[in-house]
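Dumping the structure here so I can ask a few things about it.
The values are calculated or read from the model by the stated rules, or taken from the named source; none is laboratory data. Fair warning: this is a prediction, and the values are worked out from it, not measured in the lab. Using ideal geometry, Cβ is built from the backbone for each residue, glycine included, and neighbour counts are taken over all protein chains shown. These area figures cover heavy atoms from the full protein model, side chains too; ligands, DNA and RNA do not enter into them. Shrake-Rupley method; radii C 1.70, N 1.55, O 1.52, S 1.80 Å.
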Amino acid sequence: MSENSHDNGGFRVFSLSIELLTTIYGLFMVLWAFSISSVSGSSSITSMIPAFFGFPLVLIGFISMIKPTFRKALMHIAVLIGIIAFLGGLDFFRGMFTNYYAGLSKLMLLITGSVYVYFCVQSFIFIRRQKNLKSN
């Protein structure tokens with residue numbers, strides 16, 4: 001195994017690889033943004049903020065699946081995007097009930113961002129343990 005690869009064949013979340021989970025999470029965020037914008041009738045670009053996080057996650061997840069040599073770097077970028085989504089979701093507490101749909105999107109970012117980051121960290125820990133077991 002080369003140093004640049006990020007072999008996590010054994011780590012699964014709900015029977016999904018972390019790369020596929022990243023792709024699905026990104027698609028969810030894109031669909032969420034378009035759905036909320038449609039339902040609320042919003043023409044504001046801010047209603048599309050979840051899509052701004054989702055599009056890169058879809059690309060990262062997809063590229064990680066087809067180009068395993070880039071997986072390690074791409075998954076670190078993906079967890080950074082997840083952290084930023086979580087931090088953006090913290091704004092929920094500043095203006096919980098100002099705008100119902102905006103508050104709902106912020107809460108979604110807060111919850112799903114924290115869960116996604118948790119799974120990514122668990123994946124990194126799993127990989128590190130596997131690497132240590134192979135070296136011993």
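Give me the percent of the accessible area of the chain that comes from carbon and sulfur atoms, probe 1.4 Å, all protein chains in place. Kindly include the intermediate steps, with their values, before the conclusion.
Values: 5590 of 8010 Å².
C and S atoms contribute 70 percent here.
Counting only residues 5 or more places away or on other chains, whose amide H sits under 5 Å from the amide H of L16 once H atoms are built in the peptide plane?
none
From the protein chains alone at 1.4 Å, what is the descending order of accessible area for I18, I81, largest first?
On the way: I18 0, I81 25 Å².
Order by accessible area, largest first: I81, I18.
Relative contact order, percent, of the chain when contacts are C-alpha pairs under 8 Å separated by at least 6 residues?
Working: 161 pairs, mean separation 36.0, N = 136.
Relative contact order of the chain: 26 percent.
How many lysine pairs does the chain hold where the Cα atoms are under 26 Å apart and the two sit 8 or more places apart or on different chains?
Lysine pairs meeting both conditions in the chain amount to 4.
At 1.4 Å probe size, with every protein chain present, just tell me what the per residue accessible area of the chain comes to in Å².
Values: 8010 Å² over 136 residues.
Result: 59 Å² per residue.
Now for a different question. Taking the Cα centre of the chain as origin, sum charge times position over the Cβ atoms of Lys and Arg (+1) and Asp and Glu (-1), and report the length of that vector in debye to the nearest 20.
Numbers: 10 positive and 4 negative charges, 77 e Å.
Here the size comes out at about 360 debye.
Rounded to the nearest 500, what is the 222 nm mean residue ellipticity of the chain from helices alone, with -39500 (n - 2.57) per DSSP H run of 4+ residues and division by all residues? Intermediate values should be presented prior to the final figure.
Values: 4 runs with 96 residues, N = 136.
After summing the helix terms and dividing by residue count, I get -25000 deg cm²/dmol.
Same structure, new question: Give the calculated FRET efficiency between S44 and R12 to the nearest 0.05, with a Förster radius of 35 Å applied to their Cβ-Cβ distance.
Values: r = 38 Å, r/R0 = 1.09.
Approximately 0.35, to the nearest 0.05.
Could you list, bin by bin from short to long, the percent of Cα-Cα pairs of the range 27-136 in 10 Å steps?
Here the calculated profile for the range 27-136 is 14, 39, 27, 13, 5, 1.
How much of F62 can a 1.4 Å solvent probe reach, expressed as accessible area in Å² and rounded to 10?
In the full protein context, F62 sits at about 110 Å².
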